[in-house]
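So the structure is just underneath, and the comments pick up after that.
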Amino acid sequence: MEDSQIGTDEKVRRQPSRGMYVLPSLFTAGNMAAGYYAITQSIQGSVTDQSHFDRAALALGIAVLFDGLDGIIARLTHTTSDFGKELDSLADVITFGVAPSLLAYIWGFRMLPLMAHPEARQQIVHIGVFVCFIFLICGASRLARFNISINPQPRNPGRPGKKYFVGMPIPAGAGVISSVIHFQHGSPIDSPWIALVWLCLLLFTSFLMVSNWRFWSAKEITLGKRHPFQLVAVIAFVGALIVLYSEYMLIILAMAYLVSGVVARLAYSWGRERRHSAV
């Protein structure tokens with residue numbers, strides 16, 4: 001009887017306090033604040049003052065960090081809740097859906113200079129509005145599918161025991177947009193041909209978010225492994241490189257993650273064809 005009472009007391013002591021549940025939500029609020037700041041900076045940006053676009057892109061990068069930290073802290077403190085999940089999804093729609101789609105439109109299409117054929121410029125701008133909305137709706141659909149899925153499996157399964165995202169996460173999609181803009185230091189697109197390339201990149205990123213292709217989730221990386229100090233050193237080293245060479249490191253990381261999903265899909269298709277031909 002006494003032993004069961006002691007066990008019950010230990011469970012009560014281990015249960016986190018109500019105040020601890022606020023901690024992950026604070027990072028979610030920081031995520032949303034960064035997205036709101038990115039929206040205000042995007043609206044203020046112009047050809048003569050390009051720094052607003054660069055600040056908006058950096059704000060989205062900071063939001064990605066906040067988005068990762070709120071989930072990590074919730075798991076470490078055992079304070080995951082339905083409220084936190086819903087708040088995080090709403091924040092992601094604003095920060096990684098509305099903010100980057102608006103930034104992509106203003107930076108990539110609205111700032112196009114006058115051309116010899118004004119009608120052609122107007123058509124590019126109109127198509128740009130539609131494509132940026134496609135990015136937003138695909139990102140929102142990706143979040144909705146993630147919220148209702150139970151143990152989702154990608155169409156091209158990877159190594160057993162590893163966890164994967166089904167489709168590119170919406171923060172990664174926003175990271176592709178912000179990394180390109182930051183790499184250009186906020187300088188808007190001034191060529192209709194580059195604007196068409198921008199259109200294709202936005203469409204492809206939108207497709208990857210709603211696809212069933214696998215993307216690495218990094219959830220198996222924990223500090224409880226055999227070599228936690230080496231992991232901390234690697235993270236610190238990569239973080240220092242990002243701070244010192246942000247315009248290069250961010251676009252390399254964003255594009256490498258995008259390409260990783262494509263390579264994984266192609267490798268799986270190629271391997272399946274080889275197995276069928278062998279049979």
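In a GNM of the chain with a 10 Å cut-off on Cα contacts, which of THR95, THR40, THR28 has the highest mean-square fluctuation? Among THR95, THR40, THR28, the largest GNM mean-square fluctuation belongs to THR40.
The sum of -39500 (n - 2.57) across all DSSP H runs of n ≥ 4, divided by the residue count of the chain, sets its helix-only mean residue ellipticity at 222 nm to -24000 deg cm²/dmol. Charge dipole (Cα centre; +1 on Lys/Arg Cβ, -1 on Asp/Glu Cβ; no other charges) of segment 10-278 amounts to roughly 1400 debye. Helices that extend 15 Å or more along their long axis by alpha-carbon positions and average at least 0.5 on the Kyte-Doolittle scale are, among the DSSP H runs of the chain, 22-44, 51-76, 118-148, 170-183, 192-210, 228-244.
Residues whose amide H comes within less than 5 Å of that of GLY167, counting only those at least five positions distant or on another chain, are TRP213, ARG214, PHE215 (H built at 1.01 Å from N in the peptide plane).
Between segment 28-84 and segment 163-199, what is the separation of their alpha carbon centroids in Å? Each part reduced to its Cα centre gives a spacing of 16 Å.
No lab work stands behind these numbers, since they all come straight from the coordinates. Owing to the predicted nature of the structure, the values given are computational and were not obtained by experimental measurement. Backbone-built Cβ (ideal geometry, glycine too); neighbour counts: all protein chains shown.
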